[in-house]
Structure formats: C-alpha cells, structure tokens
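Read-outs: derived from the displayed coordinates by stated rules, not from any lab. As the structure is a computational prediction, the values presented were derived from the model and not from experiment. Heads up, the Cβs are rebuilt from the backbone with ideal geometry, glycines too, and the neighbour counts pull from every protein chain shown.
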Amino acid sequence: MSIDFYKTYIFPFRGIIIKICRAYSNSQEDYEDYYQEVCLQIWKSRENFKNKSEWSTWVYRISLNVCLSLLRKQKKHDNTYGFEQNYNQLSNQSDLKEESKDYSDDISRLYEEIKKLSEIDRAIILLYLEKKTYKEISQIIGINSNSIGVKITRIKKQIKKQING
C-alpha cells in the first residue's frame, strides 16, 4: 500500500474506521488488528469500487464486513475457551476506559453499551451517529430503508434503558 493511497483514500476516513473497529473489538490488540485488516482490505478491494456510491459508503461497508468477519472468527475460536466469561470480565475492567482516554466518560459509557448490542444493531447505530441518512444506512447494511427508522428508535430506547439502569 502506498503512502499516497493511504493519505488520499484511508486517512480522511480514519474516524469511520476507528469507530467501527472500536465498537467491534474487545481489546486494544484486537482494535489494532481490526484497523490494520480494514486498511488492507480497502487497499485490496480498491479496484472493485465502481463509483455507484460515495467512497465513504464503500469504506463503511468494508470496515463493517471486515470487523464482523473477524469478530465471528474470534467468537468461534474463543467460545471453546470461555470467551463469554472473559469478555464480561474484560468489559468491566478499566482497560477499556484507558483505551478511550481521548473520549469523555459519557462517550466511553455509550461505547460500552453499544458493544452490548447485536452486530447489526451496532452497525446501524454507529452509522446513525455518523449522521448517515436512512437510505445510506440501508445501502451499507443491506436492510430496507423503511425498517431503519424503526430499528434506530428501538436501539436508542434499549441503550437509554441500559444506561439508566
């Protein structure tokens, strides 16, 4: 991957990539691996981009697909080693707060709750927080745009309930 490609096609969208990788990873090491793999896959698939959508939409789709794929592989591997117990312990440790030291406590709490959502709900709310339109979200996720509004309302209620208690 050339420096020029990174500066032009990845660096301007690093916020998107960071948010998605952070929401789907369970440790700093996972986050770094996910980020690196997303960048690699963007570079590898650059020839497949047909300008049928915005480049940012393309980056979202690749980021989500890579993170979901890596998460599934990790779950498949880790479930044989008590992943659920380890994940619950990890999510309660201050390591995740350290990872998000650049963010306020409220944002850190929001990300903790987002991590508890299903894979698809996580993707939808992250796109919503990025101010993507329902149409853009439906294109990225592959769900009917009429369903997106309903899902977002349900997800927001679920997060609010989790945060409040």
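A compact table of results
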item	result
Contour excess over end-to-end distance, with Cα ends at D106 and N65 and 0.36 nm allotted per residue	12.0 nm
Cross-link pairs beyond the 27 Å C-alpha cut-off, checked among K131/K161; K52/K161; K52/K132; K131/K151	K52/K161
Formal net charge of residues neighbouring I120 (Cβ-Cβ distance under 13 Å; K, R +1; D, E -1)	+2
Calculated FRET efficiency for the pair I3/I143, C-beta based, R₀ 35 Å, to 0.05	0.45
Theoretical gain in end-to-end length, K50 to K161 [0.36 nm per residue, Cα-Cα removed]	35.8 nm
Gain upon complete extension [K135, R154; 0.36 nm per residue less C-alpha separation]	5.1 nm
